[in-house]
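What follows is a single structure, written as structure tokens, with notes after it.
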Amino acid sequence: MDKKLYITTTLPYVNAEPHIGHALEFVQADTISRYFKIKLGSENVFFNVGTDEHGQKIFRKAKEECLEIQDFVDKYSQRFKDFCKLFLVEYDSFYRTSTKEHHKAAQEFWKKCQDNGDIYKKRYSGRYCVGCERFITEKELVDGKCPDHGTEPEFRDEENYFFKLSGYRDHLLNWLKSNPDILKPVSKLEELKSIISEAEDISISRLRENLPWGIEVPNDPEQVFYVWFDALTNYAIAVGFGSDEKRLNEWWPGIQLFGPDNLRFQGCIWQSMLASAGLSQTAKLLEHGMVLGSDGRKMSKTLGNVISPFDQEEKYGAEVVRFYLLSGISTYSDSPYKEEDLVNMYNSRLANNFGNLLNRVIHLSNTKEVNINRYDDVEEDFKTKVDSLKDEAESLYDQYEIALASEKVDMLADFGNKYITEKEPWNKNLTKEEVEKILNNLSYLLNIVISLYTPIIPNSCSKASKALNDRESIILFNKI
Ligand SMILES: [Zn+2]
């Protein structure tokens, strides 16, 4: 890889507390970032997260809480920062769309699209759902209400700016044709193609009198940006769009992570905006799955199956929750969050497999007084086997297959445990040289297990690495 690697999450909307879906997306992106920082050097990876802070919903919510809007968004944005800290999400940039810099650069983006002839003004009337922040069609209504929000949309008649999304259908379909592996999982490719084929021009502004909390449209103070049009530009602005062309060329395009309800925005609208502004298409689109309730149904307050990431962290600690989200929850398809699975997986993979092996090797090397951690003196056959599993795990990480990579690391630790059981380095009939060879081999394996698990459970791995180097006996993972 000769180019630098840029990775970004979507920006959560700051009208509520972070939920388990945010946790999944943030820790996945963090793991990819950490893996590539180790591989390419941390100066060659840039990891962006942040918060989406405009829109009607936020305006209304702030009023409900009797807060000034800026104070309201500051409060919730800080909740997401705290959340990142809690879950060890080490970002390079925490992007906020309510900053002056963002306003200025988003307006630059608008002008580029306008100069390219893709923005026009049109009278529009229809039913508007504030929850969705968009006009919804008669067809979408259920009993006269928005199916997602259960509220009756407001009737609105206003003049707005529109973006010529329909003009990019062929361009995007050709782009997908020449880059069939741009989207993960590939099973979603057909869905994206049909979204693109059916793309109609979209409204990208609102009347300021309806939405005082938004970015002013260039040369039209009566209109403000539609919240999505403003928020999407962050991905390019975070790496220099509108301020530093050289930096932008260094980092753009990048990898974008997003959830299942976001394919239209990431794969169609944003890609058309990029093409309109003369920027390259996104390098990789990663659509993670949805975290379902333990009953396998979508989490909802009514069903009472909502799992709070804060409660889970308090109960098990951040790394155990990270480990389960990254190893037990499928990386690309919907899967249920089951606490009993979390406990079983932690006990079997970390406590019994990895932790136990680490403990046995350190303990035996101390009692047998042999030298370990001499990695240039590992037996050839053993090294070949270990290296091949390591290569497989790395190749899975390279393809952003986090859960599968983690499974491979577990297989590596399991291979180590089988090897120690078979070789019996505690056996009194073995010579010191024989014991040393076995334990040195295992220290090589452990060193690799630690480095491969580091992107997933960084703190435990840093403790494990220190313990192995200093040959200090520790119980890294207490059974739950
Ligand atoms: Zn709605």
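What follows draws every value from the coordinates through simple rules; no lab data is involved. Only a predicted model underlies this, so the values are computations on that prediction, with no experimental measurement involved. Reconstructed Cβ throughout: ideal geometry from the backbone, glycine too, with neighbour counts over all protein chains shown.
Quick notes on this one:
- Pair-distance distribution P(r) for segment 338-470, from all Cα-Cα distances in 10 Å bins starting at 0: 12, 44, 33, 10, 1 percent.
- Think of segment 331-465 as having a plus end and a minus end, set by charges on the Cβ of Lys, Arg, Asp and Glu; of ASN344, VAL361, SER395, VAL361 sits farthest toward the positive end of this dipole.
- Segment 18-40 versus segment 408-451: alpha-carbon centroid distance in Å: 31 Å
- Counted by neighbouring Cβ atoms within 10 Å, the residues CYS146, CYS113 run from fewest to most as CYS146, CYS113.
- Across the chain: Cys residues that no other cysteine approaches within a C-beta distance under 4.7 Å: CYS66, CYS84, CYS113, CYS268, CYS461
- Counted charge near LEU292, where neighbours are those whose Cβ lies closer than 11 Å (Asp, Glu -1; Lys, Arg +1): +1
- Kirkwood hydrodynamic radius of segment 44-119, from the reciprocal of the average inverse Cα-Cα distance over all distinct pairs: 14.4 Å.
- Out of every Cα-Cα pair that the chain contains, those further apart than 34 angstrom amount to 42 percent.
- Take the Cβ atoms of THR99 and GLU245, set R0 to 25 Å, and the FRET efficiency comes out at 0.80.
- With contacts taken as Cα pairs under 8 Å at a separation of at least 6 residues, segment 338-470 carries a relative contact order of 35 percent.
- Set the Cα radius of gyration of segment 205-251 against 2.2 N^0.38 Å, with N its number of residues, and you get 1.38.
- Residues ARG264 and GLU190, FRET efficiency given R0 of 22 Å [Cβ-Cβ distance, rounded to 0.05]: 0.95
- Cα gyration tensor, segment 83-192 - rounded (a/c under 1.5), prolate or oblate: rounded
- Take 286-295, 187-196 and order them by the average number of nearby Cβ atoms within 10 Å per residue, most first; the result is 286-295, 187-196.
- The angle separating the long axis of helix 100-115 from the principal Cα axis of greatest extent in the chain is about 60 degrees.
- For segment 1-59, the calculated P(r) over all alpha carbon pairs, in 10 Å bins from 0 to the bin holding the longest distance, is 22, 41, 25, 11, 1 percent.
- Taking each residue as 0.36 nm, the span from CYS66 to LYS3 lengthens on full extension beyond its C-alpha to C-alpha distance by 17.9 nm.
- Three semi-axes describe the equivalent ellipsoid of segment 413-463; taken as square roots of 5 times the Cα gyration tensor eigenvalues and ordered largest first, they are 26, 10, 8 Å.
- The helix-only estimate of mean residue ellipticity at 222 nm for the chain, built from DSSP H runs of length n ≥ 4 each weighted as -39500 (n - 2.57), is -14000 deg cm²/dmol after division by the residue total.
- Area projected by the alpha carbon convex hull of segment 87-134, averaged over all directions, nm²: 6.3 nm²
- The chain, relative contact order in percent, only Cα pairs under 8 angstrom and at least six apart counted: 15 percent
- Spin-label model, GLU379 to SER178: label points 7 Å out along the Cα-to-beta-carbon direction sit 5.3 nm apart.
- Gain upon complete extension [ASP170, THR151; 0.36 nm per residue less C-alpha separation]: 3.2 nm
- The loop-placed trypsin sites (Lys or Arg not before Pro) in segment 413-460, going by DSSP, that have at most 15 neighbouring Cβ atoms within 10 Å of their Cβ come out as LYS428.
- Shape of segment 330-400, Cα gyration tensor, a/c cut at 1.5: oblate
- Rounded, prolate or oblate (a/c below 1.5 giving rounded, otherwise prolate when a/b exceeds b/c) for segment 111-252 by Cα gyration tensor: oblate
- Here the spin labels are modelled as points 7 Å beyond Cα on the Cα-Cβ line, and at LYS432 and ARG208 they lie 8.4 nm apart.
- Put in line by how crowded their Cβ is, counting other Cβ atoms within 10 Å and starting with the fewest, ILE215, ILE307, ILE480 read ILE480, ILE307, ILE215.
- Dipole magnitude of the chain about its Cα centre (Cβ charges: Lys, Arg +1; Asp, Glu -1), debye to nearest 20: 240 debye
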